Each structure stands twice: as C-alpha cells, then as structure tokens.
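So the structure is just underneath, and the comments pick up after that.
The values are calculated or read from the model by the stated rules, or taken from the named source; none is laboratory data. What you see is a predicted model, and the numbers here were worked out from it, not measured in a lab. Using ideal geometry, Cβ is built from the backbone for each residue, glycine included, and neighbour counts are taken over all protein chains shown. Each accessible area value is taken on the protein alone, full model and side chains, heavy atoms only, with ligands, DNA and RNA left out. Shrake-Rupley method; radii C 1.70, N 1.55, O 1.52, S 1.80 Å.
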Amino acid sequence: MRNAKLIFSKAVEWDYMRKNPFSKIKLGRIKKNGWHFMTFPEFKALLSVIENSRDRYKHEKEDIERKYRLKAYYSVMYGCGLRFGEAIHLLWDNGNIDFENGQINLFNRNSNNGLPPFELKDYESRSIPCPEWVIKALKEFKEHSSKHNPYVFLDDKRYDLVKAKWERWQSNGRADKWLNSTMLNNFNRQFRVYCSKAGIETTDELSQHCLRKAYGTNLANLGTPVYILKDLMGHSHIETTMSYYIKSIDANKRKAIKGLDGLMGQAKQADDVVYFSLF
C-alpha cells in the first residue's frame with residue numbers, strides 16, 4: 001500500500017491521472033522483525049562446531065579446506081562487517097586482502113579474465129582494518145586453499161559454476177543485469193545448520209547478515225564514534241548507522257546506572273572523610 005500510494009502520487013504529478021486513490025489512506029509504521037545479536041561466546045561456539053565437524057572418508061583434504069574456508073569466511077563477516085556480496089567477491093591477488101597492513105580493501109571491479117564484475121553498494125570504496133584473529137584465520141585458510149582458484153571464499157566447484165553462469169549471461173545479452181547476489185545461494189541454510197549445532201536458538205531473524213549487524217553493534221558498544229562506524233560499514237546515510245546504536249541501548253543503560261553507583265560510592269567516601277575530620 002505504501003508503494004502504491006507513492007506510484008499513484010507520481011502518476012498524478014506526471015498528469016497521467018487526476019486523483020490518487022490512495023491519498024486518504026493512513027499508513028502505519030512498517031513492522032520490523034528483530035534480528036539475533038550474536039555474542040562472542042556464540043560466535044566461538046559456531047567456529048568450534050565447524051572445527052569439530054566430522055571429515056568424510058576419502059574426502060579428508062576437501063573437508064579440511066572447507067573447515068578453514070568457513071572459519072575464515074564467518075570471521076571476516078563477524079570481525080569486519082562485510083556484506084555477503086562483498087565477502088564472496090573477494091579475490092586473493094588483486095589487493096582485496098592486504099596481509100601486510102592487516103586490512104581488507106573493497107573497490108569496484110570490471111569483468112575480466114572470465115570473471116563477472118563487482119560493484120560496491122553506493123559505489124564507494126573503503127578499507128576495513130582486521131582484528132588479528134581475522135588475519136590469522138585468513139592466513140591459515142590460504143595455506144589450505146586451492147591454488148588455481150582466484151576467489152577467496154568460493155570452492156572449486158562453485159567457482160566453475162560461477163564462470164559457466166557468467167558465460168551464459170554474456171551470451172544471452174544479460175551481462176548488464178548481473179548482481180553481486182547472482183553469484184551464489186543457499187549460504188544462509190548452511191549457516192543456520194551450524195548455528196543450530198552450536199546451540200544458538202532464537203525466535204528472531206537468523207541469517208549471515210546478523211554477523212554484519214553484530215559487528216556494527218559491537219563497535220557501537222565499544223564507543224566507536226558514529227562517523228567512524230559509518231565509514232567502516234560503508235553506509236551512505238548516518239541514519240542507517242544509528243540503528244546499530246539502538247541495539248546497544250539496554251547494555252548502555254546498565255552501564256550508565258553502574259556509573260551512577262560509582263559516583264554515589266565516591267560521594268560516600270568523601271562524606272566519611274568529612275565526618276571523621278570534624279571529630
């Protein structure tokens with residue numbers, strides 16, 4: 001209804017019709033579903049489940065590589081706040097992963113060497129400093145990763161599928177319709193399976209995007225200035241960034257009350273000193 005009201009308003013503005021049939025309809029606020037805030041203990045439990053998953057007989061090498069890949073992938077999502085499309089488009093050898101400076105560099109990329117293009121949301125390049133444990137996970141994974149696959153987080157099978165898909169889209173004249181999300185699917189299903197095995201239960205939305213949201217909330221809880229958080233997350237509007245501070249309100253309230261307790265304690269000590277000095 002909200003979209004219809006907007007569409008018909010444009011139709012009136014452009015003289016396609018005289019009156020907007022939705023103009024007198026009152027629209028309430030859009031209900032937003034809650035999302036699960038993944039804590040550090042929950043994230044460590046998730047990594048532990050991946051680490052301890054059973055290797056298949058005669059597929060040990062493949063499964064070991066998968067474990068290192070998933071641990072590095074989820075670490076990048078949770079520790080650097082990347083969007084799904086940004087993470088799966090990372091390449092090893094084009095400057096995306098900067099081990100020397102401990103950061104991930106994101107920038108637009110044209111199609112080349114049989115690979116599809118990559119476009120950042122709002123087209124703004126950015127560099128994200130990585131925690132040491134993220135860099136460690138990436139280094140460990142690189143030692144076990146396929147040497148002829150340019151993508152960081154695509155296994156060989158998915159890499160071949162992406163190349164074939166991109167070739168079809170080019171031959172069908174659909175190359176300009178390619179989106180970052182066109183690369184892969186079913187990643188959320190796998191994520192939920194591992195979360196369930198890790199004992200993470202919630203009635204709120206649970207998807208990989210929760211890892212990015214947890215990154216923003218964790219930085220907000222640490223007191224990161226909003227303009228710094230905005231740049232790290234690649235937001236174009238400060239209002240979007242502010243939503244990550246809302247999730248941390250309860251924790252900050254408790255912290256503030258503890259601060260008042262601390263002030264009361266200091267005041268009591270000062271009164272005691274005055275009391276004894278009078279006698």
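Quick notes on this structure:
- Between the stretch 47-62 and the stretch 145-176, the Cα center-to-center distance that results, in Å: 25
- Added length on full extension, which subtracts the Cα-Cα distance from 0.36 nm per residue, residue 91 to residue 17: 21.6 nm
- Ordered from largest to smallest accessible area (heavy atoms of protein chains, 1.4 Å probe), the residues 241, 182, 203 come out as 203, 182, 241.
- Along the stretch 162-168 the Karplus relation, 6.51 cos²θ - 1.76 cosθ + 1.60 evaluated at θ = phi - 60°, assigns HN-Hα couplings of 5, 4, 5, 5, 5, 4, 4 Hz to successive residues, with x for each Gly and Pro.
- Shape of the chain, Cα gyration tensor, a/c cut at 1.5: oblate
- Extension gain (nm, one decimal) between residue 4 and residue 126, 0.36 nm per residue minus Cα-Cα: 40.3 nm
- Accessible carbon and sulfur surface of the stretch 32-106 relative to its total accessible area, %, 1.4 Å: 50
- Calculated accessible area for the chain comes out at 64 Å² per residue, all protein chains present (probe 1.4 Å; ligands, DNA, RNA ignored).
- Global form of the stretch 100-219, assessed from the alpha-carbon gyration tensor, a/c cut-off 1.5: prolate
- Scoring 143-153, 210-220 by mean Cβ neighbours within 10 Å over their residues and listing the highest first yields 210-220, 143-153.
- For the stretch 62-107: rounded, prolate or oblate by the Cα gyration tensor [a/c cutoff 1.5]: prolate
- Sum of side-chain charges, residue 8 neighbourhood, beta-carbon under 13 Å (Lys, Arg +1; Asp, Glu -1): +4
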